[in-house]
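Novice: I have a structure here, written as structure tokens, and I will follow up with some questions on it.
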Amino acid sequence: MTAATQTSKRLRSTVAVLALAASLGGCAVGPDFMAPADPPVSGYTKEPLRDPRAASGVKTSQGGSADQDFVKGADIPGQWWTLFRSPALNRLVTEALANNPSLDAAQASLRMARLNTEAQRGTLFPQVGFNGLASQQKAPGGELQGPLNDQRQLTYSLFTPQVQVAFVPDVFGGNRRQVEALEAQAENQRFQLEAAYLTLTTNVVLAAIQEASLRAQIDATKKVIAAQTEVLNLYNKQLSLGQIAGADVLQQQAQLSVSQQLLPPLEKALAQQRNLLTALVGRLPSEEVSETFTLSALRLPTKLPVSLPSMLVQQRPDVKAAEAQVEQASAGVGVAVANRLPQFNITAAGGSSAVRIAQLASSAAFFYSVVGTVAQPLFDAGTLFRRQQAAEEGLNLAQAQYRQVVLTAFQNVADVLRALQSDADAVAAATAAEKATGESVGLIRKQFEAGAINSAQLLIGQQAYLSALVTSATARANQYSDTVALFQALGGGWWNRVDVKPPRRDNDPAPFL
């Protein structure tokens, strides 16, 4: 067996040993992450839930029923906004998901986090490189040679190609903990993306509902203004006939002016709401969306899914993101512990060196080296130990933040469940008030025209009717908005979307080669 063959065999054996060491990792120091236990509760509220049903299925002038039912344990559809049965709303949500810059930024953050994880996995494997050297040199002492010597022999070329292999054995799992931390960071970014998705879809739907509410309030105000204008014209006729005093006309004019003052702020708010909708779908204000919304065009979902409390922590993107932060902090403790332990390094090099290229393949030209090093901090004034303590406090911080996020999640659900129960009652009361004041103002006007009552009573009736119309529109909009808030509080059904894949938590680095 030639020397070259022996050298090549040794190099192959060295690389094989390094690869074997890469696949056989030792124990990873630091705490192993365990997902927090679900809160031991069976309900969101102290008392049993009461379905948000209005008395006798009350209908409103805007259309739809105030009745809703909680369906315990029911799942949430991935596209929950389609339950409002508005094609215009569906189009805007689809456009927003395709064009909103905030969602694009969240997606880029997720891709970046995943690529950083894959890059860190490379540290678990040997690093192989090639180095080639070609040089021409002149030996010293040429001036001392005799005249018969060939001066060209003092100048020579040197060719040295070599392969270098470096490997850092992950004996105590420091690199694996770093990979784990980056995996958790990517998981956090994944759920930050889901949170951004949920926030965007929720904001689009809420903006459409708010627009519908403003339009209803504007229509109610205009309706009252028209009625008050008609009464003012009647007053002027009666004043010319001497049937009423001038003070009555002034009172009606003042009441009309008060009602007219309500319009500009409402119209301003509507314009701003249109701008918000346009921005949410990724357009400039000059490219305003053509879709418009009214309460009568939106259908109130009558069956409201209420997830089991044990499922809430698995459904809320913010809770899952907080859980990933706990895992990241846990892995960070392992990294800090590993940094205090001995660090090993293995390097190997093999190649050949000759003055002529043709001689590079000769056995005499081959060389190799294998070097192993170990480094252990002996004194650092407590730097690494304090960093470990800081990492442990970071874990305590992440765990406390997780518990707070869970508390907030359950509070959100409880709040919106109570709000929906109140909304049903508010819609019923507002509808009854709208009907009663409408009938009352009609009666009062007839009595006034007959001279049975004075103008003050008519003014009071008109104001009560305007207030009832606006309150009715607002109550209905609140019921729609709180329905949206329920879908958001329960996580938005992201797990049921067709574009969502289960997270890959593959600890085998081979797929990244």
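Novice: What list of ³J(HN,Hα) values in whole Hz, one per residue of segment 405-410 in order, does the Karplus curve 6.51 cos²θ - 1.76 cosθ + 1.60 (θ = phi - 60°) give from phi, with Gly and Pro shown as x?
Specialist: My calculation for segment 405-410 gives 4, 5, 4, 5, 4, 5 Hz in order.
Novice: Residue separation times 0.36 nm, minus the C-alpha to C-alpha distance between residue 436 and residue 47: what's the value?
Specialist: Values: separation 389, 0.36 × 389 = 140.04 nm, distance 3.39 nm.
So the extension gain works out to 136.7 nm.
Novice: Which one, 426, 126, 90, projects farthest toward the positive side of the charge dipole computed for the chain from Cβ point charges (K/R +1, D/E -1)?
Specialist: Working it through, the farthest residue towards the positive pole turns out to be 126.
Novice: How much length is gained on full extension from residue 467 to residue 226, taking 0.36 nm per residue of separation minus their Cα-Cα distance? Can you show the working numbers first?
Specialist: Working: separation 241, 0.36 × 241 = 86.76 nm, distance 1.51 nm.
Roughly 85.3 nm would be gained on extension.
Novice: Next question. Nearest 10 degrees, 0 to 90: what angle lies between the long axis of helix 246-261 and the longest principal axis of the chain (Cα atoms)?
Specialist: Between the helix axis and the principal axis of the chain, the angle is about 20 degrees.
Novice: HN-Hα J couplings of segment 195-203 from phi, Karplus 6.51/-1.76/1.60, θ = phi - 60°, integer Hz, Gly and Pro as x?
Specialist: Per-residue couplings from phi come out as 5, 5, 4, 5, 4, 5, 4, 5, 5 Hz.
Novice: Translational D (Stokes-Einstein, µm²/s) of segment 215-344 at 37 °C and 0.692 mPa s when Rh comes from the Kirkwood sum over C-alpha pairs? Before the final figure, lay out the partial values.
Specialist: Numbers: Rh = 21.9 Å.
Answer from the Stokes-Einstein relation: 150 µm²/s.
Novice: Give a residue-ordered list of calculated ³J(HN,Hα) values for segment 446-460 (Karplus: 6.51 cos²θ - 1.76 cosθ + 1.60, θ = phi - 60°; whole Hz; x for Gly, Pro).
Specialist: 3J(HN,Hα) across segment 446-460, in whole Hz: 4, 5, 5, 4, 7, x, 7, 9, 8, 5, 4, 5, 5, 4, 5.
Novice: Could you list 302, 483 so that the one with the fewest beta carbons within 10 Å of its beta carbon is first and the one with the most is last?
Specialist: Working: 302 15, 483 25.
Listing 302, 483 from fewest to most nearby Cβ atoms yields 302, 483.
Novice: Continuing with this model, one more query. By how many nm would the segment from residue 163 to residue 314 lengthen if fully extended, with 0.36 nm per residue of separation less the alpha-carbon distance?
Specialist: Details: separation 151, 0.36 × 151 = 54.36 nm, distance 4.99 nm.
Extra length available between residue 163 and residue 314 comes to 49.4 nm.
Novice: Within the chain, how many Lys pairs that are eight or more residues apart, or on different chains, come under 28 Å at the alpha-carbon?
Specialist: Close lysine pairs found across the chain: 26.
Novice: Determine, for each peptide in 99-109, 240-250, 420-430, the mean count of other beta carbons within 10 angstrom over its residues, then list the peptides with the highest first. Working shown, then result.
Specialist: Values: 99-109: 15.2, 240-250: 12.1, 420-430: 20.5.
Answer by packing, highest mean first, reads 420-430, 99-109, 240-250.
Novice: List every residue whose amide H lies under 5 Å from the amide H of residue 352, counting only residues 5 or more places away in sequence or on a different chain, with H placed 1.01 Å from N in the peptide plane.
Specialist: 367
Novice: If amide H atoms are built 1.01 Å from N in the plane of the peptide, which residues on other chains or at least 5 residues away come under 5 Å of the amide H of residue 71?
Specialist: The list, which skips near neighbours in sequence, is 304, 306.
Novice: Which of 483, 311, 465 sits farthest toward the positive end of the charge dipole of the chain, with +1 on the Cβ of Lys and Arg and -1 on the Cβ of Asp and Glu?
Specialist: Sorting the options by dipole projection puts first 311.
Novice: Counting Lys and Arg as +1 and Asp and Glu as -1, each charge on the Cβ, what is the dipole of the chain about the Cα centre in debye, to the nearest 20? Don't skip to the end; give the middle numbers.
Specialist: Details: 43 positive and 41 negative charges, 173 e Å.
That gives a dipole near 840 debye.
Novice: Give me the orientation-averaged projected area of the Cα convex hull of segment 348-446, in nm², one decimal.
Specialist: 21.3 nm²
Novice: Further, regarding this structure: For residue 214, what is the net charge nearby, where nearby means another residue's Cβ is under 11 Å from its Cβ and Lys, Arg count +1, Asp, Glu -1? Walk me through the numbers on the way to the answer.
Specialist: Details: positive: 215, 268, 274; negative: 211, 219, 267.
Around residue 214, the charge tally is 0.
Novice: If amide hydrogens are placed 1.01 Å from N in the peptide plane, which non-local residues have theirs closer than 5 Å to the one on residue 125?
Specialist: Placed amide hydrogens put nothing under 5 Å from residue 125.
Novice: For mean projected area of the Cα convex hull in nm², several values are listed as (1) 43.1; (2) 22.4; (3) 24.5; flag the one computed from this structure.
Specialist: (1)
Novice: Magnitude of the Cβ-charge dipole of segment 276-433, K/R +1 and D/E -1, about the Cα centre, nearest 20 debye? Walk me through the numbers before you get to the answer.
Specialist: On the way: 11 positive and 12 negative charges, 116 e Å.
It comes to approximately 560 debye.
Novice: Let me ask something additional. Only four residue types carry charge here, +1 at the Cβ of Lys and Arg and -1 at the Cβ of Asp and Glu. Report the dipole size of segment 150-291 about the Cα centre in Debye, rounded to the nearest 20.
Specialist: Details: 11 positive and 14 negative charges, 56 e Å.
Rounded to the nearest 20 debye, it is 260 debye.
We did not get these values from a lab; they are worked out from the coordinates using the rules stated. Please read these numbers as outputs of a predicted model, since none were measured by experiment. Positions of Cβ are generated from backbone atoms using ideal geometry, with glycine treated the same way; all protein chains shown enter the neighbour counts.
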